[in-house]
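Scroll down for the structure; my scribbles are underneath it.
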Amino acid sequence: MGKKKSLKPTKSLKDTEEVLTTDYIGGDALDDLLLKLVRSVEVAKASRGGLPEKIWMKQQFAIGVNDVTRVLERMPASSSSTHSTPSSSEAHTVSGRRRAPLVPLQAVLVAADCNPKWLTKHIPTLASTRQVPVLYLKDNKAGSLRLGQVVNVRTALAIGVKARDSVVNKTIDEVLNCVSELVATGP
């Protein structure tokens with residue numbers, strides 16, 4: 001009899017994850033990033049126009065793994081183009097009710113200290129199909145606590161920054177530019 005073919009994929013999921021998650025931020029760079037984010041959130045909150053804080057936070061961020069996943073899944077998969085707007089027929093659900101208008105994510109911040117790891121393992125793959133950068137915050141067992149401080153919750157494993165015209169988005173743009181320059185120049 002002939003050899004049985006192996007059912008194992010040629011490239012494991014771990015290999016794919018390594019390719020997608022090269023942007024780990026830790027140490028002083030992490031301190032600077034979180035300080036900039038907290039400051040920009042405070043400045044933006046001051047100009048929120050009378051909205052309650054919880055509603056304003058929900059408009060600016062997708063907070064938590066489930067919310068980030070939901071927003072990423074609703075975003076159209078991009079095929080080398082930037083974020084496109086969905087057609088009017090995509091705005092209706094099966095039951096005929098309208099969804100809230102889609103606000104694409106500018107970036108996703110994930111705490112690298114997540115345990116078990118499978119809670120956030122799907123986010124880099126999903127984000128890469130939507131052309132959304134993922135930044136892993138690597139801190140000694142306190143990344144989720146520090147990430148939660150940005151959005152005034154106790155802990156957060158993942159935060160998606162929604163693409164709006166605010167101070168927070170400008171800060172994320174600066175961070176993404178710095179990270180891309182560091183990756184381009186190499187260690």
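The values are calculated or read from the model by the stated rules, or taken from the named source; none is laboratory data. In this text, all values refer to a predicted model and were calculated from it rather than measured experimentally. Glycine gets a Cβ as well: all are built from the backbone with ideal geometry, and neighbour counts include every protein chain shown. All accessible areas refer to the heavy atoms of the entire protein, side chains included, with ligands and DNA or RNA removed. Shrake-Rupley method; radii C 1.70, N 1.55, O 1.52, S 1.80 Å.
Here are a few things to note about the model shown:
- Per-region count, region 47-71, residues touching a helix residue (DSSP H, G or I) at 6+ places or on another chain (Cβ under 9 Å), touching a residue at least 40 places away in the same chain (Cβ under 8 Å), more than 13 Å from residue 109 (Cα to Cα) and among the hydrophobic types (A, V, I, L, M, F, W, C): 1
- Within region 102-118, tally of residues that are more than 14 Å from the chain's Cα centre (by Cα) and either open to solvent by 10 Å² or more (accessible area, probe 1.4 Å) or at pLDDT 95 or above (or both): 6
- Residue 40 being closer than 14 Å to residue 167 by Cα, at pLDDT 80 or above and open to solvent by less than 60 Å² (accessible area, probe 1.4 Å): yes
- One residue from 130, 146, 154 being open to solvent by 30 Å² or more (accessible area, probe 1.4 Å), under 14 Å from residue 70 (Cα atoms) and modelled with pLDDT of 85 or more: 130
- Condition met for residue 98 (at pLDDT 90 or above, open to solvent by 30 Å² or more (accessible area, probe 1.4 Å) and more than 19 Å from residue 34 (Cα to Cα)): no
- Contact map, region 99-126: residues that are farther than 20 Å from residue 150 by Cα paired with residues that are open to solvent by less than 10 Å² (accessible area, probe 1.4 Å) and at pLDDT 90 or above, Cβ distance under 6 Å, separation 6+ or inter-chain. Pairs shown: 126/72.
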